[in-house]
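*Asks:* Sharing a structure with you now.
FYI, it's all coordinate maths here, none of it is from the lab. What you see is a predicted model; the values in this text were computed from it and never measured. All Cβ positions, even for glycine, are placed from backbone atoms using ideal geometry, and neighbour counts span all protein chains on display.
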Amino acid sequence: MPVALVCGGDDLAKEAQEDLGDVQVAITKEVLGVDLAACWGPQKTLPLLEEAAAEATRRHKRGDFKPYVVSGPVTAEIEVHKDAMAERMTAVPGIERTGRRAIRLKSENATDALALAWRTISEVFYKPDAWLR
């Protein structure tokens, strides 16, 4: 499946175009710092997103996008907001803590790496007794 549209901050748009090539982007905010961004409201972003999606669809029909293939093995590094989040992620087998707020995972292919990353991220938010509250 080709990647045709990436929506988000201006930093994400730049990274997507560097990594994926001529992908369609919709910039919805200007990143000003690690925890700071100028976000535009829905009156501005909705039409922008609709037009970007329509253009991505037109370009896809023309064959402008090629599948993005990741060959294995895959190593992914994730940096999180808080030290405790990185610590919690290490409860998942196969996760290596590489810094105060950083972890690393390795898999034989992209599908398994993504599944492990999702399980690892989910571990941070899992609350086994939440149903009792």
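*Asks:* Within region 56-122, report the trypsin sites (Lys or Arg not before Pro) that DSSP leaves as loop and that have at most 13 other Cβ atoms within 10 Å.
*Replies:* Taking region 56-122 and a limit of 13 other Cβ atoms within 10 Å, the loop trypsin sites (Lys or Arg not before Pro) found are Lys82, Arg100.
*Asks:* While we're here: Report, in debye and to the nearest 20, how large the dipole of region 74-127 comes out about its Cα centre when Lys and Arg carry +1 and Asp and Glu carry -1 on their Cβ.
*Replies:* Computed about the Cα centre, the dipole is about 220 debye.
*Asks:* Also: Per-residue counts of other Cβ atoms within 10 Å, averaged by peptide: what ranking do you get for 42-55, 14-27, highest first?
*Replies:* Ranked by mean Cβ neighbours within 10 Å, highest first: 14-27, 42-55.
*Asks:* Now, a different point. Treating only the Cβ atoms of Lys and Arg (+1) and Asp and Glu (-1) as charged, compute the dipole magnitude of the chain about its Cα centre; round to the nearest 20 debye.
*Replies:* Roughly 320 debye, rounded to the nearest 20.
*Asks:* Still on this structure, I have one more. Using 0.36 nm times the number of residues separating Glu15 and Val3, minus their current alpha carbon distance, what extension gain do you get?
*Replies:* Here the segment from Glu15 to Val3 would lengthen by 3.0 nm.
*Asks:* If one computes the Cα centroid of region 1-62 and of region 80-120, what distance in Å separates the two points?
*Replies:* Result: 27 Å between the Cα centres.
*Asks:* Normalising by the residue count of region 5-62, find the relative contact order in percent from Cα pairs under 8 Å and 6+ residues apart.
*Replies:* 32
*Asks:* Using the Cα centre of the chain as origin and beta-carbon charges of +1 (Lys, Arg) and -1 (Asp, Glu), tell me which of Met1, Ile78, Ser122 is placed farthest towards the positive end of the dipole.
*Replies:* Farthest along the dipole direction, towards plus: Ser122.
*Asks:* Right, next: Can you tell me the relative contact order of region 56-133? Whole percent, Cα pairs under 8 Å, sequence separation 6 or more.
*Replies:* RCO, region 56-133: 30 percent.
*Asks:* Which lysines does Lys66 reach when only Cα atoms under 21 Å apart count, and residues fewer than 8 places away in its own chain are ignored?
*Replies:* Cross-link targets: Lys14.
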